[in-house]
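What follows draws every value from the coordinates through simple rules; no lab data is involved. Since we're looking at a predicted model, the values are computed, not measured. No Cβ is skipped: glycine too gets one built from the backbone with ideal geometry, and neighbour counts run over all protein chains shown.
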Amino acid sequence: MDLSHTAEQLALRESAARFLRDRYSFETRRRIEASAEGFDAEIWRAFADLGWLALPFPADDGGLDGGAIDLALLMETFGAALVMEPYVSSVVLCGGLIAAAGSGGQRAELIAEILAGRLVLAFAHHEPAARHEYGRVGTSAVRMGNGWRLDGQKSIVLDAPMADRFLVTAQVGEDGGTAALGLFLVAKQAPGMNVTEYRIVDGRRAGSIVLDGVIVGAEAKLGGGQDRAETIAAVTDRAVVALAADTIGAMQVLLDKTIAHTKTRVQFGQPLAANQVLKHRMVNMAVRIEEARSIAMKAAIRADDGSGAAVRGQAVSAAKVKVAAAARFVAEQAVQLHGAMGVTDELDIGAYFRRIMAFEASYGTPAWHLKRYAALRDV
Amino acid sequence: MDLSHTAEQLALRESAARFLRDRYSFETRRRIEASAEGFDAEIWRAFADLGWLALPFPADDGGLDGGAIDLALLMETFGAALVMEPYVSSVVLCGGLIAAAGSGGQRAELIAEILAGRLVLAFAHHEPAARHEYGRVGTSAVRMGNGWRLDGQKSIVLDAPMADRFLVTAQVGEDGGTAALGLFLVAKQAPGMNVTEYRIVDGRRAGSIVLDGVIVGAEAKLGGGQDRAETIAAVTDRAVVALAADTIGAMQVLLDKTIAHTKTRVQFGQPLAANQVLKHRMVNMAVRIEEARSIAMKAAIRADDGSGAAVRGQAVSAAKVKVAAAARFVAEQAVQLHGAMGVTDELDIGAYFRRIMAFEASYGTPAWHLKRYAALRDV
Amino acid sequence: MDLSFSLAETAFQTEVRDFIAAHLTADIKRAWALTSAFLAEPDVAGPWHRALATQGWVAPLWPRENGGPGWTPAQHYIFETECALAGAPPLAPLGIRMVGPVLIGFGSAAQKAHYLPRILSGEDYWCQGYSEPGAGSDLASLSTRAVHDGDDYLVNGSKIWTTHAHHANRMFALVRTGQGERKQEGISFLLIDMTAPGISVRPIRTMGGDHDVNQVFFNDVRVPVANLVGEEGKGWSYGKYLLEFERGAGIAAARMRVSLNRLRAIALGAAGDPLLAARFSEIEIDIDTVEMTELRIMASLQAGQNPGPVASMLWLRTTEVKQAVTRLGVDVLGADALPSEPMRPFHRLNRHAVMDEDALPVIPLHLNGRAETIFGGTSEVQREIIGKLMLGL
Amino acid sequence: MDLSFSLAETAFQTEVRDFIAAHLTADIKRAWALTSAFLAEPDVAGPWHRALATQGWVAPLWPRENGGPGWTPAQHYIFETECALAGAPPLAPLGIRMVGPVLIGFGSAAQKAHYLPRILSGEDYWCQGYSEPGAGSDLASLSTRAVHDGDDYLVNGSKIWTTHAHHANRMFALVRTGQGERKQEGISFLLIDMTAPGISVRPIRTMGGDHDVNQVFFNDVRVPVANLVGEEGKGWSYGKYLLEFERGAGIAAARMRVSLNRLRAIALGAAGDPLLAARFSEIEIDIDTVEMTELRIMASLQAGQNPGPVASMLWLRTTEVKQAVTRLGVDVLGADALPSEPMRPFHRLNRHAVMDEDALPVIPLHLNGRAETIFGGTSEVQREIIGKLMLGL
């Protein structure tokens, strides 16, 4: 058993934190958020240059063979800096799915583009009709000659506006056999693709897609004919691990800022932190963060160690439930202890609060993960 | 709208509190709890002499025409003094059912005995198989000649050991028609009655009954042939109102004692109450008690005012849920703030804690009442 | 005890309902239902204010001689509840519930004659200058100064959290006119014309994306000494009176119930989830409890009694339950909590929104709702006060 | 990072399992499963203690030269976890985990030679004389006095919350031997023979109806000066060392999991209720979290590092999660939470109980469990300490 970070891992975190401190101040971030694009192409190229876009890919695909722990360390710094860029969508999810399910040709063609920062992908999986049931797919893929015809609706496709192409999940009905979940690469501009773009609560961007008889070639389908449900679950679990780390980064900043604020802000003749009630509240925040660190670490280890789908899924769902609850508490208390200023957009406190809300609502709500945890228990 | 107590009501509460202060000290109560009988016949006679056993009965039956509000005021003093005697079982529940469903003859014969304190009844309703579903009755009553044959099991019949007779609920199958819930008076000593007696968590007594072909006469059945489900619900709701008031009495004592303790107990050079964390905790206790008072008052009014079964049931179930949660919090914090001594049987704190647990578990758990509340919402 | 209204009260209830049916337009209701800010915009609340003004129903708590309707506490409760249930926007409290009572209590005859009718008619729109940057809940440490200069005060400093300062033409403010031993001394209560030179207003956007609060700057602003309310240096006591007045007026259950029912409508389908259903019931019971506490207070006011410390507790719980309601919105929407519409106010949106219209304000209400336990005194300060008053702690 | 044990560790795990399978009898397991008290009765834990003694596995944390097994932190974790999962009673910590380490650290050679083997063999059974009536969490304000009288101390005073004083033949105690400027000064660490004249033990029954704690009275009790540990007046530092030692030994997740699974078995049927099922999952996730935190601490000990302040947080959360587990018992039983069996310990009950055997300890465990956040330092005091250590508050 080894639960320590390697020197390389610590160096990665340190250099990432330094880069973001220098190049990604809250004012920069505010500017990116206000921009039409919602992300910064120059920063994205810097991510590529730093090797971050290559981090989780296998060395065979040109990557750095980074595991979920490495990913988590990087993402923790992203959460602390409220990074807007489409890292999870393009690299962790779509890149991860291509690496896991793509044919040799697809991997060769696509991953090099992704890790160079030239290709941005978004994962079109969630559907409006699914609502509280994460991952229930109704979109259909029907064979048309050599290719496929896709019909359905996708919603809350995160980072859709900056994506060049989408990785679309669909039920593949092969010659009357049982349906299998398949993955299809679809260009944003393909005929029949109707994309509506919008902001999400934390200022990042997303989109909804109506696929109305979209025709794609045979090569658009990732890999062979197997059901991709388990691959999708495994890669999505990695994304949840990454976002849990992002959230931990955000929580830690909130606690640090709250401690600093309450130590300096004087009310009724003494610093706020002299109030025992506030002091114990901050202790509870610290305890929740430490708990989040524990369960997120377990999820990161299980995401990679081949313990099997049920063990991995339970660990990841436990992390989602626990980190989301901790983050909700920490965010609410950070706002409360910052007083009126905490409820505004003047400080970054509100931005962290909204980032944490986005974590809660994405890739399965805590309620959904709680049920999944129980269901996997009985596997 | 009138939400004030009348002078008579306040006098009742004052005289009850005075009587119990004089005659029902914690040491007396401890002696009664330790006794084989688990209640004090002399005290019970005093209750009769004071008119308390007559309080909720109609004047026509020799009672004092007291309403749920009067009952609640009396019960609040019972909770404060942790009264052991079978008031709710004999007077509120069985007395209430006889007054509501009994024939003229049954009322004339039984109520006079109850209010004189000469007859103690217990309500045999809950069944082991029902467990979390309060009030699901499987016990059957089948016509045998002129009378009835009763078969089934009853559990947690509160105050069973001191009861002379039981009021047993059973499904009455009349000549193949749909079953209706009926009420039967059964003597403890009747052939086929197997009663096991035990203590409950707060030191009071209860019993379980196996009815194995118990034969009773036609006169044992309360009133005519109607389904008594709604009568039972209405009278049980009154018992919940009474016990909610009992619990409020207990909570208030816990808060008063906790405030007194933390003001006098010195730790680390200052009274415990000087700790802001404990001070705010006690404020939260006070707030929960005040909330409990509000919702219990609403339930008491609705128990009597003829607003209909759904309105009454919702108000009572809301009170059960809210009072039980408040009481759990208050009891846990009272123990916590009393420190190690609070976890023992040396102080009465533990006895109040256990009384509150008994409220939670009896006549439908909070979880059951929450579901009932939602179900009645849609009526 | 009973929970029923008298025949006269029931008749009044019918009168209120009839009035609402006749005057509350669908447009106003829709605009208020779509409001995620703390207050309705003046263009939403204004027409409703004017309709109420013709009826004499603008200021329920004012004495009849000042233009109040002369209602009993029960009538007041009925009126507020019916308005809430019908989906009417609450009128801005700044004039009616805040400066109005102070003027009635401590204003000169001239001030009353001038200002009160303009509040009732809606001609004046007020904002409140209490909080200052850096002072927070510790109101008494304010530092905006008013210095005598001829017949005027010269006012310098800054106020913050000034709700609707960008709409208001009047401000009532606490300013420092002298130095006392206690910091509560030397504070005066001034009425300031918002159009006076030297005043500037900086918008502050809340977490939910709305603009109701502002920072107001005073740079040598001239305020006639005639605009001093009561005695110089006694402003703290008038201001405190107002705060208590504000806090006592707790009729919130009906509005919370409307909010919860809106979420229930949105949840349809998802509410089949037993955990979500349980949360709805728990919060509904919390609302029932707040409502019954409100009725207890109303009934004791009706009986001419002082409701006592239960009113402070009600404030605390009301803010917490409001937050529980808005927080439930996050769970109801699930993944649909993510999309966000930046345009405000929502009722002026003249294009297709990114989500169903009824879902638009759900998340902004949750975000802005974090202010419930902060604005008007943090919950922590409330607990200090309750501890002192009730428990002798 | 990885969560797997090494081959050697896995082999050790098998060895432990084999030993348990061979020596842990069904009677012991049943008796412990039915225990609602804080500690197993000596007649339950004793046979298991003696079996472990033959194996040299009684005192996992003692150095090998004092009779410890010389385990790594991982082996210690594996051992405790396997024992817990198998349903073995934990050995009383008073000798092994409390006075033992103090003697090893600060005792004389003669004290070590005399006492340590008797702890390992189980010949001596220890109790702890720290708390006093009226002192509570403020341990340093103790007033039991030890005064020199020839070669003895004369001890007078009283100790409270003395776990298993009625079983113990030895007590280690903090007593006041002098007066210092700070109240922590002038405290000494004494070893007392519980059979000495002048000692009397009064049982204290806990809320759950069990008898593990007592009050102990000292009336001119003679304690040889040779029984002083370390230097006179330095007892506070030894006692504090012990408290930290006690707190650090956090291996509780496996036992909590066993408790939760017992409730799950009792809930069968009722667990179909989605709300109850959700509570089970939530608490199970809390246990997963405690477990992972334990492993983090274990792994850093294994790497020769100081786990840091996370250990204090673990203690806080462990006690809270334990209470969540026992509280869930109330919800699982529903109405069946009411019947109560007064006889203790339950495993000696030789008649038909008022409920299923597995349900017997559920409510007593909940009631006694309220002590989790009090004994060993209240949660409030823990938060003060964490605030100071971690946040600089």
Relative contact order for region D:7-91: what percent, with Cα pairs under 8 Å and sequence separation of 6 or more? 38
Run through region A:18-92 and list the GluC sites (Glu not before Pro) located in a DSSP loop whose Cβ has at most 11 other Cβ atoms within 10 Å. A:GLU37
Translational diffusion coefficient of the protein assembly as shown at 25 °C, 0.890 mPa s, Stokes-Einstein with Kirkwood Rh over Cα pairs, in µm²/s as a whole number. 68
Gyration tensor verdict on region D:1-41 (Cα atoms; rounded if a/c is under 1.5, prolate if a/b is larger than b/c, oblate otherwise): oblate
Cα lying deepest toward the dipole's positive end in chain A, options A:LEU211, A:GLY38, A:MET251, charges on Cβ: A:MET251
Most exposed first by the Cβ proxy, i.e. fewest other Cβ within 10 Å, how do C:SER300, B:SER208, D:SER121 rank? D:SER121, C:SER300, B:SER208
Chain B: relative contact order in percent, alpha carbon pairs under 8 Å with at least 6 residues between: 16
Per the Kirkwood definition applied to all pairs of different Cα atoms, how many angstroms is the hydrodynamic radius of region D:260-333? 13.6
Roughly how crowded by other chains is peptide D:327-335, in terms of the mean Cβ count from those chains within 10 Å of each of its Cβ atoms? 5
Quick one: among B:GLY217, B:GLY145, B:GLY207, which has the greatest mean-square fluctuation in a GNM of chain B with alpha-carbon springs under 10 angstrom? B:GLY145
If you rotate chain A onto chain B, whose Cβ in A ends up lying nearest the axis, and how many Å away is it? A:GLN276, 2
Helical contribution to [θ] at 222 nm, DSSP H n ≥ 4, -39,500 (n - 2.57), averaged over the protein assembly as shown, rounded to 500: -15500 deg cm²/dmol
Using the 10 angstrom Cβ neighbour count as an exposure proxy, how do D:THR10, D:THR35 rank, fewest first? D:THR10, D:THR35
Under a point-charge model restricted to the Cβ atoms of Lys and Arg (+1) and Asp and Glu (-1), what is the dipole moment magnitude of region A:1-79 relative to its Cα centre, in debye to the nearest 20? 420
When Cβ neighbours within 10 Å are restricted to other protein chains, what is their mean count per residue of peptide A:307-314? 1
The distance between the Cα centres of region C:113-128 and region B:1-21, in whole Å, is 48
homo-copy label distances at D:ALA11 (7 angstrom along Cα-Cβ), nm, one dp, ascending, are 9.8
D:GLU15-B:THR196 FRET efficiency (beta carbon distance; Förster radius 56 Å; 0.05 resolution): 0.70
Loop-resident sites, region D:98-191, for GluC sites (Glu not before Pro), counting at most 14 other Cβ within 10 Å (DSSP): D:GLU123, D:GLU181
Can you list the lysines whose alpha carbon is less than 16 Å from that of B:LYS188, not counting same-chain residues fewer than 8 positions off? B:LYS154, B:LYS221
Semi-axes of region D:126-235's equivalent ellipsoid from the Cα gyration tensor, sqrt of 5 times each eigenvalue, largest first, rounded to whole Å? 23, 17, 10
Once the label point is placed 7 Å from Cα along Cβ, list for A:ASP49 the distances to the corresponding points in the other copies, in nm, shortest first. 9.8
Taking the rotation axis that maps chain C onto chain D, which residue of C brings its Cβ closest to that axis, and at what distance in whole Å? C:PRO274, 2
Range of Cα positions in region C:84-135 per principal axis (Å), largest first: 38, 35, 18
What's the longest bit of chain A with no exposed trypsin sites (Lys or Arg not before Pro), using DSSP loop states and at most 14 other Cβ atoms within 10 Å as the test? A:137-379
Taking region C:169-210, which trypsin sites (Lys or Arg not before Pro) meet the DSSP loop condition and have no more than 10 other C-beta atoms within 10 Å? C:ARG182
Find every distance from the label point of B:ASP164 to the corresponding label point in the other copies (7 Å from Cα along Cα→Cβ) and write them in nm, one decimal, shortest first. 9.4
Can you give the angle from 0 to 90° between the axis of helix A:309-338 and the longest principal axis of chain A, with both taken from C-alpha atoms, to the nearest 10? 40
Here the whole-number average of other chain Cβ atoms within 10 Å per Cβ of B:189-200 is 2
Signed unit charges on C-beta, dipole axis of the protein assembly as shown, positive-most listed residue B:ALA260, C:LEU333, A:PRO366: B:ALA260
Relative contact order of chain C, pairs being alpha-carbon contacts under 8 Å that are 6 or more residues apart, as %: 16
Please state the shape class of region D:318-393: rounded when a/c is under 1.5, otherwise prolate if a/b exceeds b/c and oblate if not, all from the C-alpha gyration tensor. prolate
If amide hydrogens are placed 1.01 Å from N in the peptide plane, which non-local residues have theirs closer than 5 Å to the one on A:VAL172? A:ALA141, A:ALA180, A:LEU181, A:GLY182
Net dipole in debye of the protein assembly as shown [+1 Lys, Arg Cβ; -1 Asp, Glu Cβ; about Cα centre; nearest 20]: 1080
Least to most buried among B:SER140, D:SER6, by other C-beta atoms within 10 Å and fewest first, runs D:SER6, B:SER140
Output for chain A (equivalent-ellipsoid semi-axes, sqrt of 5λ from the C-alpha gyration tensor, Å, descending) is 37, 21, 20
Per the C-alpha gyration tensor (a ≥ b ≥ c, the square roots of its eigenvalues), region D:1-128 is rounded if a/c is under 1.5, else prolate if a/b beats b/c, else oblate; here it's oblate
